[in-house]
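Reading through the structure tokens given below for one structure.
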Amino acid sequence: MLNDSPGTCLRSAELRQRAQLRTPGGVHSNVRLSGAQDFIQRAKGAWLYSVDGRDFVDYLLGQGPNFLGHAPEAVVNAVFEACRNGVIFGGQHELEVQASELVCRTVGWAEMVRFGVSGTEAVQAALRLARAATGRTKVLRFEGHYHGWLDNVLTSPRDGHWGTASAGQLESHLDDFVVVPWNDPVQVAETLEQHRIAAVIMEPLMINAGVIEPKPGYLEEVRRLCTEFGAVLIFDEVISGFRLGLGGAAERYGVTPDLATYGKALAGGFPVSALVGRSELMSRFGTGEVNHSGTFNSSVMATAAVTAALTSLLEDPPYERIAKHSRSLIVGLRDLGVEFGLPLRVQGVPAAFHVSFGDADVSDYRSLQQLDLARYERLAKSLVEHGIWVTGRGVWYVSASHGGDELDAALTRFEAALRDGAGR
Ligand code: PMP
């Protein structure tokens with residue numbers, strides 16, 4: 001293993017310079033603007049290898065999709081095999097039937113599915129369907145939850161309210177959303193009483209902001225209120241789906257939504273999303289009443305990848321392995337925090353947890369801000385320099401490929417970073 005300082009990463013520097021000439025900011029997704037500077041040459045299992053010969057134990061997993069590890073043989077082979085016979089048909093094919101059946105079987109409560117390419121799209125389809133089904137327009141959502149980058153869902157806190165997050169974004173598209181703090185059932189009840197709400201959308205485990213679990217009884221109460229007031233409950237499981245267990249957050253917390261969106265862990269790294277729900281709602285797409293379209297939806301690549309990835313998860317569920325790795329890793333990180341006298345704080349679930357500094361009692365976006373998030377951001381930069389691939393947002397993902405070697409590497413490198421003064 002050779003992890004030179006970034007200053008000597010000549011090939012990355014050269015590629016970065018070229019990228020910046022042809023690509024705004026040198027990246028194709030703004031999420032990566034603040035990411036690591038190294039260019040990646042290849043990835044396998046839980047490891048990334050840079051063009052400069054550096055290696056990284058990966059806890060970002062491509063922002064989540066590499067739940068089976070990088071380049072999982074079964075999925076990659078299935079995709080290559082299938083694509084030899086055509087990539088996109090503009091017609092129906094058997095693989096998409098198989099993939100649809102498997103998604104419904106794996107999710108458990110779902111009766112029908114529509115595939116898309118990105119999580120952002122799946123969310124839009126869910127919102128449109130909920131509005132069509134209820135004849136209402138307003139949607140209740142929560143502070144800190146992320147539902148994609150389009151005008152009607154992208155928000156950031158500004159002057160005491162949740163407004164647009166990007167230049168060029170139409171403020172008016174946010175008018176039909178009511179935003180309240182999460183984990184407070186009273187706010188949900190009050191909003192449902194005051195407005196005619198079409199849908200309540202949430203990350204059932206708020207991974208995007210702090211990996212915060214729902215308080216006991218919260219999801220049940222939201223479920224009850226949605227039923228009482230006739231609002232469609234949408235779980236955005238783009239990150240949590242298949243990651244927290246085969247049935248995602250719905251299964252973990254024992255609460256069934258009306259619609260759910262999936263992406264990331266669904267297809268072994270390939271770009272596929274899914275919207276699932278009961279037939280009563282979903283069939284509105286089938287009659288043509290509600291439009292959901294996409295040239296690349298249910299491509300051969302996508303459906304072969306879904307079938308192979310879900311088959312892997314069903315045949316060899318990695319959840320216990322992940323929990324074992326994660327438990328040891330979290331204990332190790334906490335011990336290092338104590339050893340170095342740092343107020344290091346870890347919270348979440350085995351497959352996704354949040355690392356930061358502070359000791360606040362965190363249950364929503366506002367309380368999360370009491371932690372020293374900027375300090376973690378600085379630590380994350382140093383962790384990348386020491387060969388641990390994470391971002392400054394504090395979320396660590398663990399994959400089916402993380403084992404003993406990765407644990408040793410992660411803890412040794414974390415300790416080395418702290419020894420070099422990181423985290424102070
Ligand atoms: N919903 C959630 C909960 C997400 O975390 C994300 C992406 N991080 C999205 C939707 C959007 O998915 P995509 O980036 O694939 O459009």
> In this structure, is Val27 within 16 Å of the ligand (Cβ to nearest atom), surrounded by fewer than 16 Cβ atoms within 10 Å (Cβ to Cβ) and within 28 Å of Ile322 (Cα to Cα)?
Replying inline: no
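Going through the range 231-246 one residue at a time, which ones are surrounded by 20 or more Cβ atoms within 10 Å (Cβ to Cβ) and part of a loop (DSSP other than H, G, I, E, B)?
Pass one, the range 231-246, residues surrounded by 20 or more Cβ atoms within 10 Å (Cβ to Cβ): 231-244.
Selection gives Ala231, Glu237, Val238, Ile239, Ser240, Gly241, Phe242, Arg243, Leu244.
Please verify whether Phe39 is of a type outside the set (Lys, Arg), touching a residue at least 24 places away in the same chain (Cβ under 8 Å), surrounded by 13 or more Cβ atoms within 10 Å (Cβ to Cβ) and within 16 Å of the ligand (Cβ to nearest atom), treating the condition exactly as stated.
Details: of a type outside the set (Lys, Arg): yes; touching a residue at least 24 places away in the same chain (Cβ under 8 Å): yes; surrounded by 13 or more Cβ atoms within 10 Å (Cβ to Cβ): yes; within 16 Å of the ligand (Cβ to nearest atom): no.
Answer is no for this residue.
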>> Condition first: surrounded by 19 or more Cβ atoms within 10 Å (Cβ to Cβ) and in a helix (DSSP H, G or I). Can you find one or more residues in the range 356-364 that meet it?
In response: no
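Which residue out of Thr303, Thr256 is more than 16 Å from the ligand (Cβ to nearest atom), in the same structural domain as Gly90 (by TED's automatic domain parsing), among the hydroxyl-bearing types (Ser, Thr, Tyr) and assigned to a helix (DSSP H, G or I)? Steps first, answer last, please.
Working: Thr256 fails: assigned to a helix (DSSP H, G or I).
Only one candidate passes the filter, namely Thr303.
Tell me yes or no: at least one residue of the range 66-78 is within 16 Å of the ligand (Cβ to nearest atom), at pLDDT 95 or above and closer than 26 Å to Gly294 by Cα.
Taking the range 66-78 as the starting set, the residues that turn out to be within 16 Å of the ligand (Cβ to nearest atom) are 66-67.
Checking which are at pLDDT 95 or above leaves us with 66-67.
Checking the rest, the ones that are also closer than 26 Å to Gly294 by Cα come to 66-67.
Checked against the condition, which is being within 16 Å of the ligand (Cβ to nearest atom), at pLDDT 95 or above and closer than 26 Å to Gly294 by Cα, the range 66-78 yields at least one hit.
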> Can you tell which of Ser356, Ser363, Ser367, Ser382 is closer than 20 Å to Glu406 by Cα, at pLDDT 95 or above and hydroxyl-bearing (Ser, Thr, Tyr)?
Replying inline: Ser382
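Take Val117 and tell me if it is more than 15 Å from the ligand (Cβ to nearest atom), touching a residue at least 60 places away in the same chain (Cβ under 8 Å) and of a type in the set (Val, Ile, Thr). It would help to see each step written out before you state the result.
Values: more than 15 Å from the ligand (Cβ to nearest atom): no; touching a residue at least 60 places away in the same chain (Cβ under 8 Å): yes; of a type in the set (Val, Ile, Thr): yes.
So Val117 does not fit the description; no.
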>> On the basis of being out of contact with any Phe, Trp or Tyr (no Cβ under 8 Å at 6 or more places or on another chain), under 24 Å from Gly254 (Cβ atoms), assigned by TED's automatic domain parsing to the domain that holds Ile207 and in contact (Cβ under 8 Å) with a residue 24 or more places away in the chain, does Ala130 make the cut?
In response: yes
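Name the residues in the range 203-217 that are part of a loop (DSSP other than H, G, I, E, B) and either within 13 Å of the ligand (Cβ to nearest atom) or touching a residue at least 60 places away in the same chain (Cβ under 8 Å) (or both), would you? First the steps, then the outcome.
If we filter the range 203-217 for residues that are part of a loop (DSSP other than H, G, I, E, B), which is where we start, we get 203-205, 207-211, 213-217.
Glu203, Pro204, Leu205, Ile207, Asn208, Ala209, Gly210, Val211, Glu213, Lys215 - these are the residues of the range 203-217 that are part of a loop (DSSP other than H, G, I, E, B) and either within 13 Å of the ligand (Cβ to nearest atom) or touching a residue at least 60 places away in the same chain (Cβ under 8 Å) (or both).
Can you tell me which of Leu154, Leu95, Leu140, Leu150 is free of Cβ contacts under 8 Å to residues at least 24 places away in the same chain, in the same structural domain as Val211 (by TED's automatic domain parsing) and not polar (S, T, N, Q)?
Working: Leu95 fails: free of Cβ contacts under 8 Å to residues at least 24 places away in the same chain; Leu140 fails: free of Cβ contacts under 8 Å to residues at least 24 places away in the same chain; Leu150 fails: free of Cβ contacts under 8 Å to residues at least 24 places away in the same chain.
Of Leu154, Leu95, Leu140, Leu150, the one residue that is free of Cβ contacts under 8 Å to residues at least 24 places away in the same chain, in the same structural domain as Val211 (by TED's automatic domain parsing) and not polar (S, T, N, Q) is Leu154.
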> Just a yes or no: is a residue in the range 177-189 away from the ligand (no atom under 12 Å from the Cβ), crowded, with 24+ Cβ neighbours inside 10 Å and closer than 18 Å to Leu310 by Cα?
Replying inline: no
> With respect to Val57, is the statement that it is in contact with a helix residue (DSSP H, G or I) (Cβ under 8 Å, 6 or more places away or on another chain), crowded, with 17+ Cβ neighbours inside 10 Å and outside the structural domain of Gly248 (by TED's automatic domain parsing) true?
Replying inline: yes
>> Residue pairs, Cβ under 9 Å, 6 or more apart or interchain, first in the range 16-33 and under 25 Å from Leu154 (Cα atoms) and without any contact (Cβ under 8 Å) to a residue 40 or more places away in the chain, second charged (D, E, K, R) and surrounded by 10 or more Cβ atoms within 10 Å (Cβ to Cβ). List them.
In response: Gly25/Arg32; Gly26/Arg16; Gly26/Arg18; Gly26/Arg32
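Please state which one of Glu280, Glu289, Glu228, Glu220 is away from the ligand (no atom under 16 Å from the Cβ), in the same structural domain as Val139 (by TED's automatic domain parsing), not in a helix (DSSP H, G or I) and not basic (Lys, Arg).
Numbers: Glu280 fails: not in a helix (DSSP H, G or I); Glu228 fails: not in a helix (DSSP H, G or I); Glu220 fails: not in a helix (DSSP H, G or I).
Of the residues listed, the single one that is away from the ligand (no atom under 16 Å from the Cβ), in the same structural domain as Val139 (by TED's automatic domain parsing), not in a helix (DSSP H, G or I) and not basic (Lys, Arg) is Glu289.
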>> Quick test of your reading of the structure: His145 fulfils all but one of (1) buried (at least 18 other Cβ atoms within 10 Å of the Cβ); (2) modelled with pLDDT under 95. Name the failing condition by number.
In response: (2)
>> Which count do you get for residues in the range 121-150 that are within 19 Å of the chain's Cα centre (by Cα) and either within 8 Å of the ligand (Cβ to nearest atom) or part of a loop (DSSP other than H, G, I, E, B) (or both)?
In response: 11
> Conditions: (1) farther than 30 Å from Ala274 by Cβ; (2) surrounded by 15 or more Cβ atoms within 10 Å (Cβ to Cβ). Ala71 meets all but one. Number of the miss?
Replying inline: (1)
> Out of curiosity, is Glu101 touching a helix residue (DSSP H, G or I) at 6+ places or on another chain (Cβ under 7 Å) and within 19 Å of Ala274 (Cβ to Cβ)?
Replying inline: no
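The values are calculated or read from the model by the stated rules, or taken from the named source; none is laboratory data. On a predicted model such as this, the values are computed, not experimentally measured, just so you know. FYI the Cβ positions are ideal-geometry reconstructions off the backbone, even for glycines, and counts take in every protein chain you see.
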